[in-house]
Amino acid sequence: MRHTVPAGMERKETEVYLRLDRAGLPRHIAIIMDGNGRWARRRHMPRVAGHRAGVAAVRSTVQTAARIGIPALTLYAFSEENWKKRPKTEVNFLMRLLCRYLKAEIKTLNENNIRLKYIGRQHELPESVQREMAEASDATSKNTGMLLTLALNYSARSEIVDAFRSLAEAAARNGGLDHMQVDEQAISDHLYTRGLPDPDLVIRTSGEMRLSNFLLWQLAYAEIYVTPTLWPDFRGVQLLEGIEEYQKRDRRYGGLGGDGHAPQPTPHQAHAEVKR
Ligand code: FPP
């Protein structure tokens, strides 16, 4: 059955969208945005020009995801390692770019009913950046559509360390470590992503086949889609192509799939929805 196309879609996006199964869209998509430096180098431009061009890719991807009704989108913007291992000038540029993006984008986020949140060790970021981040998330907090999460100063291993600390602290407040309950649900509930369903699909641009310390717990059963497209060239249409590829996969969750036994999500995933 042909379905209606969301307003504002470009022709190429429409073509791919019409091939999608609207009932089988991923509930949560995570993206490792990679290849900004290579994009710039190919044009004999400084690396930062690639980051600047990457903002248009963020804008297009976010808008298309919201238009087609994806409940949650998480973008890996800066890892903890990025801060430590890149030249200060590049890091400073990325900070300024992020602040400019946050300021400029509030209006579009609100127009598209998108709520903005962050994961990562925010307290280690410069105070001025933290202020800008808080302002943008506050300004979008009443929206009820897609949840956009930016991973900033994020490391999956640090997130797991923080989750264990938080579990131990909660136990200490509630009768001591003897009462600490440790199971998958408890750990999920103490991650930065608590309340979010695990990603069904993770996309990585620029052809690299790595997870790079991104959502290591949450991606346990995610389908992985790697595209050679460099991040600054990525647009909504490439997102839709990734979803199309995802819909061809046979998700098994460790079962047999494809043999009459319907694949079952893990227990805590079965009922997970994006919490408000
Ligand atoms: C990876 O490319 C990209 C980053 C480390 C930064 C991501 C930033 C943006 C996409 C723009 C700003 C984002 C927001 C949310 C406003 P790379 O530099 O590692 O590329 P390379 O592997 O080709 O060198």
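Every read-out reported here was derived from the displayed coordinates using simple, explicitly stated rules and does not represent laboratory data. If you're wondering where the values come from, they're calculated on a predicted model, not measured in any experiment. When we count neighbours, we look across all protein chains shown, and the Cβ atoms used for this are built from the backbone with ideal geometry, even at glycine.
Annotations for the structure displayed:
- Each residue in region 126-144 was checked for being under 19 Å from residue 193 (Cα atoms), touching a strand residue (DSSP E or B) at 6+ places or on another chain (Cβ under 9 Å) and surrounded by 15 or more Cβ atoms within 10 Å (Cβ to Cβ), and 5 of them qualify.
- In the condition set (1) without any contact (Cβ under 8 Å) to a residue 60 or more places away in the chain; (2) outside any helix (DSSP H, G or I); (3) among the hydroxyl-bearing types (Ser, Thr, Tyr), residue 166 is compliant with all but (2).
- Within region 123-154, the set of residues being away from the ligand (no atom under 13 Å from the Cβ), in contact with a Gly (Cβ under 9 Å, 6 or more places away or on another chain) and of a type outside the set (A, V, I, L, M) comprises just one member, 145.
- Any strands (runs of 3 or more DSSP E) falling wholly within region 25-122 and containing at least 2 residues that are touching a Lys or Arg at 6+ places or on another chain (Cβ under 8 Å): 28-32
- Cross-chain or 6+ apart pairs with Cβ under 7 Å, region 134-156 first and free of Cβ contacts under 8 Å to residues at least 40 places away in the same chain, then in a loop (DSSP other than H, G, I, E, B) and within 16 Å of the ligand (Cβ to nearest atom): 140/114; 143/114
- Residue list for region 61-88, filter: among the hydroxyl-bearing types (Ser, Thr, Tyr) and either free of Cβ contacts under 8 Å to residues at least 12 places away in the same chain or within 12 Å of the ligand (Cβ to nearest atom) (or both): 61, 74, 76, 79
- Residue identified as within 30 Å of residue 25 (Cβ to Cβ), surrounded by 18 or more Cβ atoms within 10 Å (Cβ to Cβ), among the hydrophobic types (A, V, I, L, M, F, W, C) and touching an Asp or Glu at 6+ places or on another chain (Cβ under 8 Å) among 147, 191, 152, 196: 191
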